[in-house]
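S.K.: Just passing along the structure, written as structure tokens.
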Amino acid sequence: MNSTELAAKLRDRLGDLVSEPRSFRGETTVEVTDPEKIAVVCAVAKNELACDYLVDISGVDNYGEDPRWLIVYELYGLAHRCHLRLHVRVREEISALPSVAAVWRAADWHEREIFDMLGITFRGHPDLRRILMWDGYPHYPLRKDFPLAGLPTELPGVAFSEAAPMEGGPFVTTPGVKDAAGREPRARPIE
Amino acid sequence: MTMTHKRDIEFGEPAGRIEELRDLAGDRLVLNMGPSHPSTHGVLRLELELEGETITKATPHVGYLHRGDEKIAENMTYTQFIPYTDRLDYLAPLANNVAYALAVEKLLGIDQQLPPRCQFIRVICCELARISSHLLGLGCFAMDCGAMTVFLLTFTEREKIYNLCEWLTGARLTTSYTRIGGLARDLPPDWAAQCRKFCEEVATTIDEVDKLLTRNRIWVDRTQGVGIISPADAIDFALSGPNLRGSGVNHDLRKAHPYLVYDQLEFEVPLGSTGDCYDRYLVRLEEMRQSVGLLRQCLDRLPGGPENRTNAPINVPDGKIVLPPKKKVLTSMEELIHQFMLVTQGVNAPPGEVYFGAENPKGELGFYLCSRGGGTPHRLKIRSPSFVNLSILPRLLPGSLLSDTVAILGSIDFVMGECDR
């Protein structure tokens, strides 16, 4: 079996829910037309087409287009060694789709990452929290409208907010003072 | 003066507090391990819930080393991103360079046109990186379990690999050796002979490590039957690399989907049987031996010979992909234009998307590239093996003892630079 046949089988089984397969550089991509059915499609791919290995899930921000989000699932079957890519497009107003963490547990962290980076929620995810950024971070950094330089944010409280041992103190020169006696660390009284 | 003695201790108290103490006995202790802990090999933080010494719940916190590599990639050309791949799995930068170059070449559709000499040199790079990464992985794993000597032995060998890397690429760690469609430079004179010498020496060290650990009572007690990953779990969590094969699942991308010249080379894929820490150790040890064999085969069969007397090419002969030779840039108009376009705008990739996964030391390092044409990716997603491998921890750790965490983390062999990207 090759991946084109795999895609054809998926289409036979699910009909218009998946589109005609497209091929590029030896890889086959099918588009799932209804994002609400993604978990169903994935369950069929896993249970009936032996795609037991979820390689990756990525989110793409097609900023300025409608639907804005493209979620890409890379499926693989260890038995038939075929790779299949699923596309799902989600509109910005919705920005949510069902989780596939119940199909493959590997999806858990991938979905958390997409939630963290793009702000798309996965319904039915067991533990949807930010994963790379900290809890309470207000932005979604991988969105195209997020600037590369970043945006100022409140940092979570750090354990040490007092001056570090060599910050200021008797051994450090004070810049911007006119005379050497003022700059010279040994001229200052020890605090 | 009369002193009224106030008794601090009510002797009746402990008995009176039994009810309260009983509640406490059932209490679970939450222990934060990391982010700065020697056995978390970087900045992994584990929130462990303990009952006595048994872990009842484990929550890994990752992201302390997040640098936004994927965001950065969207804002630069394909070639400019190569140095960033050094910093993914920084214990095997050469292998990352190769995996990334292959992904972009797949997008460009030139992966079949790579000259044989380039492919052989890339395999040498990958296998050197594999040996280097496994030497560190095993050395630290053993040291975390109390076997200091192994660490010293393996680091002596790694130093030789670093010297070879420096000689080959100019840098010990940040190698950036590959280019889209080829390599930065050919093997330096005498490098192959030194590499062959290294093969002899590292083989001895691997045997030595084998003798020190494989039948060592303490080592066996610390690792056997600890952190067992069933094949079903390993597949469900999409583990890859030695962690997947340690559970007995035969999946190695070098065999399943051979890239470069792996289909022309002979090597075995070692598999574990029980999926415990000990099996993962054995798999890594054997993989190093296989890598030494692969290195020798590549050095023997290198097209053009070690010194490249026949001037075998190492780059794709396409000026629109690889920078043309400087001599021609200064004398020929066309090459000058190519040089200018490549430097200012990058290789012109067609619109489309590819995923390429390479068998890296830590597992499957994949790059998903979504291009809309031009020299910059629209989206570059890194499927990092460490990130995926770590996601099994909440399933794997509960039920084991706190002290086994160190062995389990050592046997998973992850790198946070790659996990957090």
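S.K.: What does the charge add up to near A:PHE146, with Lys and Arg as +1, Asp and Glu as -1, over the other residues with Cβ less than 10 Å from its Cβ?
M.R.: Around A:PHE146, the charge tally is +1.
S.K.: Find the relative contact order for chain B and round it to a whole percent, using C-alpha pairs within less than 8 Å whose residues are 6+ positions apart.
M.R.: Reported relative contact order: 26 percent.
S.K.: Looking only at B:THR59, B:THR331, B:THR174, which one moves most when chain B is put into a Gaussian network model with springs between Cα atoms under 10 Å?
M.R.: Taking springs between Cα atoms under 10 Å, the residue moving most is B:THR331.
S.K.: Extending each Cα 7 Å along its Cβ direction at B:THR59 and B:ARG395, get the distance between those two points in nm, one decimal.
M.R.: The modelled label-to-label distance comes out at 2.0 nm.
S.K.: Take the Cα pairs of the range A:3-180, get the Kirkwood Rh, then feed it into Stokes-Einstein at 20 °C and 1.002 mPa s and tell me D in µm²/s.
M.R.: Diffusion coefficient, whole number: 113 µm²/s.
S.K.: Starting from 0 in steps of 10 Å, tell me what percent of the Cα-Cα pairs of the range B:59-210 lands in each bin.
M.R.: Taking all Cα pairs of the range B:59-210, the binned fractions are 10, 35, 32, 18, 4, 0 percent.
S.K.: Counting other beta carbons within 10 Å of each Cβ, put B:LYS211, B:LYS328, A:LYS178 in order, fewest first.
M.R.: Fewest to most other Cβ atoms nearby, the residues stand as A:LYS178, B:LYS211, B:LYS328.
S.K.: Give the order of A:CYS82, B:CYS118 when sorted by the count of other beta carbons within 10 angstrom, beginning with the fewest.
M.R.: By the 10 Å Cβ count, ascending, the order reads A:CYS82, B:CYS118.
S.K.: Let me check I have the definition right: for the range B:70-129, take the eigenvalues of the Cα gyration tensor, multiply each by 5, take square roots. What are those semi-axes in whole Å, largest first?
M.R.: Value: 20, 17, 7 Å, ordered largest first.
S.K.: Another question, if that's okay. For chain B, which span is the longest to avoid every loop-located (per DSSP) member of GluC sites (Glu not before Pro) having at most 12 other Cβ atoms inside 10 Å?
M.R.: Within chain B, the longest run free of exposed GluC sites (Glu not before Pro) spans B:54-265.
S.K.: Between A:ARG11 and B:HIS257, what is the spin-label point distance in nm, taking each point 7 Å from the Cα along the Cα→C-beta axis?
M.R.: Inter-label distance under the simple model: 2.1 nm.
S.K.: What three numbers, in Å, describe the spread of the alpha carbons of chain B along their principal axes, ordered from the longest?
M.R.: Result, largest extent first: 109, 51, 46 Å.
S.K.: Another question about this same structure. By how many degrees, between 0 and 90 and to the nearest 10, does the Cα long axis of helix B:333-345 differ from the longest principal axis of chain B?
M.R.: For B:333-345 against chain B, the angle is about 20 degrees.
S.K.: Another question, if that's okay. Tabulate in residue order the Karplus-calculated ³J(HN,Hα) for the range A:106-116, using 6.51 cos²θ - 1.76 cosθ + 1.60 with θ = phi - 60°, rounded to whole Hz; enter x for Gly and Pro.
M.R.: 4, 5, 3, 6, 4, 5, 4, 5, 5, 4, 5
S.K.: A follow-up question, please. Could you work out how far the C-alpha centroid of the range B:320-344 sits from that of the range B:29-94, in angstrom?
M.R.: 40
S.K.: Rg and Dmax of the protein assembly as shown over Cα atoms: what are they, in angstrom?
M.R.: Here Rg and the maximum Cα pair distance are 27.4, 111 Å.
S.K.: Still on this structure, I have one more. In terms of Cα to Cα distance under 27 Å, which lysines are near enough to B:LYS326, apart from those fewer than 8 places away along the same chain?
M.R.: By straight Cα distance, B:LYS326 reaches B:LYS106.
S.K.: Let me have the 222 nm mean residue ellipticity of chain B computed from DSSP H runs of 4+ only, each contributing -39500 (n - 2.57), with the sum over all residues rounded to the nearest 500.
M.R.: -14500 deg cm²/dmol
S.K.: Tell me the angle of helix B:148-169 to the major Cα principal axis of chain B, expressed in degrees between 0 and 90 and rounded to the nearest ten.
M.R.: 20
S.K.: Taking neighbour counts of Cβ atoms within 10 Å as a proxy for exposure, in what order, fewest first, do B:MET341, B:MET143 appear?
M.R.: B:MET341, B:MET143
S.K.: Based on alpha-carbon centroids, what's the gap between the range A:14-30 and the range A:73-120 in Å, whole number please?
M.R.: 16
S.K.: Got the relative contact order for the range A:3-180 handy, in percent, Cα pairs under 8 Å and 6 or more residues apart?
M.R.: That works out to 16 percent.
S.K.: In straight Cα distance, which lysines are under 28 Å from B:LYS211, not counting same-chain residues fewer than 8 positions off?
M.R.: Cross-link targets: B:LYS160, B:LYS197, B:LYS362.
S.K.: Another one. Checking the cross-link filter: which lysines have an alpha carbon closer than 22 Å to that of A:LYS9, excluding same-chain neighbours under 8 positions apart?
M.R.: Cα-Cα hits under 22 Å: A:LYS37, A:LYS46.
S.K.: Roughly how many nanometres apart are two label points built 7 Å out from the Cα toward the Cβ at B:LEU173 and B:MET148?
M.R.: About 2.4 nm separates the two model spin labels.
S.K.: If you line up the long axis of helix B:402-412 against the longest principal axis of chain B, both from Cα atoms, how many degrees apart are they, to the nearest 10?
M.R.: 10
Every number here is computed from the coordinates shown, using simple stated rules; none is lab data. All figures in this text were calculated on a predicted structure; none of them were measured in a lab. Don't worry about glycine lacking a Cβ; one is built from the backbone with ideal geometry, like all the others, and counts go over all protein chains shown.
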